[in-house]
Amino acid sequence: MTKIFHMESNNIDEKMINNAADAIKNGQLVVFPTETVYGLGANAFDVEAVSKIYIAKGRPNDNPIIVHINNLSMLKDIVEEVTPLAEKLIAKFWPGPLTLILKKYHGISDKVTGGLDTIAVRMPSNPIALKLIEKANVPIAAPSANISGKPSPTKGEHVIEDLQGRVDIIIASEQSNIGLESTVVDLSDDKPILLRPGAITIHELKDCIGEISIDNGLFKEMEKDKVRSPGMKYKHYSPKAPLTIISGAMGNVTKEINKRTNELQKQGKKVGIIATEETKNMYNGDIVQNLGNREKPQEIMHNLFDVLREFDKNDVDVIISEGFSSEGLELAISNRLVKASGYDILEV
Ligand code: TXA
Ligand code: MG
């Protein structure tokens with residue numbers, strides 16, 4: 001039986017948090033909100049509890065898990081060394097949507113790190129997440145709280161749909177503020193590497209620590225043995241219907257999407273379109289979903305996974321999406337969208 005606690009992050013119920021923290025201490029699984037996406041948490045020091053995360057999600061065993069902390073003394077228990085670059089990034093961006101890869105402390109189980117000698121760690125800013133870690137008084141290992149192969153959950157209803165019956169407690173809260181998973185930076189080598197783009201942009205990272213290289217896996221399919229971040233070698237989320245991205249100048253994009261829509265509809269196909277506020281009225285698709293205003297990429301980030309989940313509920317045959325640039329926050333948006341499309345992009 002899964003207990004479901006409803007709680008807003010600006011109105012924390014202490015009793016519910018204490019219950020959830022006890023569950024973590026007792027080796028149980030707790031789904032909790034963070035500012036990025038919901039997490040599926042267990043005590044990072046409890047190998048058996050961490051093993052249950054993989055089963056609940058249906059996650060491959062060698063895909064390591066991010067460990068969540070609420071204070072810096074916890075960091076010392078899980079990493080070998082807080083490097084000078086890590087100190088700078090921590091001072092600037094924690095608590096917040098930034099995950100750091102550091103050399104792990106030997107006491108951390110291979111179950112958490114997928115057998116690597118590094119560990120992924122982040123201090124979330126969502127008050128419920130922080131309070132839960134504080135009360136549990138242990139670092140919480142938590143991947144995104146979706147069934148493997150689905151988009152990360154950004155709403156209480158998404159986690160209930162995916163994990164009810166598979167975990168002990170679900171804290172269902174408001175829609176995740178940011179909506180895409182954290183930026184991941186690998187600091188375990190000589191040079192910092194961006195492994196996953198997120199709400200903290202390359203520009204902000206460079207401002208803080210200088211040069212940072214970008215992992216090749218961000219936009220193209222990598223040979224499995226060259227993948228730096230284990231999560232990248234697995235099939236990422238793709239919607240049930242094939243998704244194609246049309247990218248380029250907006251006038252060309254809307255024209256191409258409408259041309260394709262007409263052709264597909266003539267073949268009797270039901271067409272879903274992923275549009276933006278600026279263009280949503282220009283399409284004649286069967287279902288048109290609006291991601292938000294292009295002038296406000298935060299809005300688009302916030303909505304993307306919810307929109308993708310909506311399309312899986314509607315039985316469209318084909319999805320066509322507008323593309324996004326690689327600038328600023330749009331890098332993270334296009335990274336997730338490109339992966340969902342299985343790298344099916346047309347430049348017009
Ligand atoms: O925003 C987030 O990061 C959310 C919330 C819940 O905090 N968590 C999240 O976890 O997205 P997950 O497991 O879905 O994604 C973690 C990614 C995976 O691609 C994993 O392979 C990578 O981080 N990762 C974890 N440990 C790593 C390590 N030691 N070295 C390289 N990549 C690592
Ligand atoms: Mg995930």
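The values are calculated or read from the model by the stated rules, or taken from the named source; none is laboratory data. Since the structure is predicted, the reported quantities are computational estimates derived from the model, not experimental observations. Using ideal geometry, Cβ is built from the backbone for each residue, glycine included, and neighbour counts are taken over all protein chains shown.
Yes or no, residue by residue, for (1) surrounded by fewer than 17 Cβ atoms within 10 Å (Cβ to Cβ); (2) within 16 Å of ligand 2 (Cβ to nearest atom):
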{"residue": "67", "(1), (2)": "no, yes"}
{"residue": "89", "(1), (2)": "no, no"}
{"residue": "99", "(1), (2)": "no, yes"}
{"residue": "107", "(1), (2)": "yes, no"}
{"residue": "117", "(1), (2)": "yes, no"}
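Please verify whether the stretch 336-345 includes one or more residues that are under 18 Å from residue 238 (Cα atoms) and part of a strand (DSSP E or B).
Scanning the stretch 336-345, I find at least one residue that is under 18 Å from residue 238 (Cα atoms) and part of a strand (DSSP E or B), so the answer is yes.
Does residue 179 qualify as being surrounded by fewer than 22 Cβ atoms within 10 Å (Cβ to Cβ) and within 14 Å of ligand 1 (Cβ to nearest atom)?
Judged against the criteria, residue 179 is not a match.
Please work out if residue 1 is more than 21 Å from residue 119 (Cα to Cα) and at pLDDT below 95.
In short, yes.
Just checking: which of the strands (runs of 3 or more DSSP E) contained wholly in the stretch 1-63 hold 3 or more residues that are within 16 Å of ligand 1 (Cβ to nearest atom), small (Gly, Ala, Ser) and crowded, with 18+ Cβ neighbours inside 10 Å?
Those strands (runs of 3 or more DSSP E) span 39-43.
Identify, from the list 140, 169, the residue that is away from ligand 2 (no atom under 16 Å from the Cβ), of a type outside the set (Phe, Trp, Tyr) and modelled with pLDDT of 95 or more.
Selected residue: 169, the only one of 140, 169 that is away from ligand 2 (no atom under 16 Å from the Cβ), of a type outside the set (Phe, Trp, Tyr) and modelled with pLDDT of 95 or more.
Report the residue count in the stretch 300-326 for those that are out of contact with any helix residue (DSSP H, G or I) (no Cβ under 7 Å at 6 or more places or on another chain) and either of a type in the set (A, V, I, L, M) or surrounded by 18 or more Cβ atoms within 10 Å (Cβ to Cβ) (or both).
So the answer is 7.
How many of the residues making up the stretch 83-101 are out of contact with any Pro (no Cβ under 7 Å at 6 or more places or on another chain) and either farther than 23 Å from residue 126 by Cα or not aliphatic (A, V, I, L, M) (or both)?
The qualifying residues number 10.
I'd like to know if the stretch 247-268 contains one or more residues that are away from ligand 1 (no atom under 16 Å from the Cβ), at pLDDT 95 or above and part of a strand (DSSP E or B).
yes
For residue 240, only one of the following conditions fails: (1) in contact with a helix residue (DSSP H, G or I) (Cβ under 8 Å, 6 or more places away or on another chain); (2) at pLDDT 95 or above. What is its number?
Here residue 240 meets the rest and fails (2).
Suppose we filter the stretch 185-207 for residues that are within 16 Å of ligand 2 (Cβ to nearest atom) and either over 30 Å from residue 16 (Cβ atoms) or without any contact (Cβ under 8 Å) to a residue 60 or more places away in the chain (or both); how many remain?
3
Those residues that are touching a strand residue (DSSP E or B) at 6+ places or on another chain (Cβ under 7 Å), more than 16 Å from ligand 2 (Cβ to nearest atom) and not basic (Lys, Arg), I need them from the stretch 44-59; list them, please.
Within the stretch 44-59, 44, 49 qualify.
Filter the stretch 2-21 down to the residues that are farther than 25 Å from residue 178 by Cα and in contact (Cβ under 8 Å) with a residue 12 or more places away in the chain and list them by number.
2, 3, 18, 19
Among the residues of the stretch 302-335, which ones are acidic (Asp, Glu) and not in a helix (DSSP H, G or I)?
Once the filter is applied, which keeps residues that are acidic (Asp, Glu) and not in a helix (DSSP H, G or I), the stretch 302-335 yields 315, 317, 322, 327.
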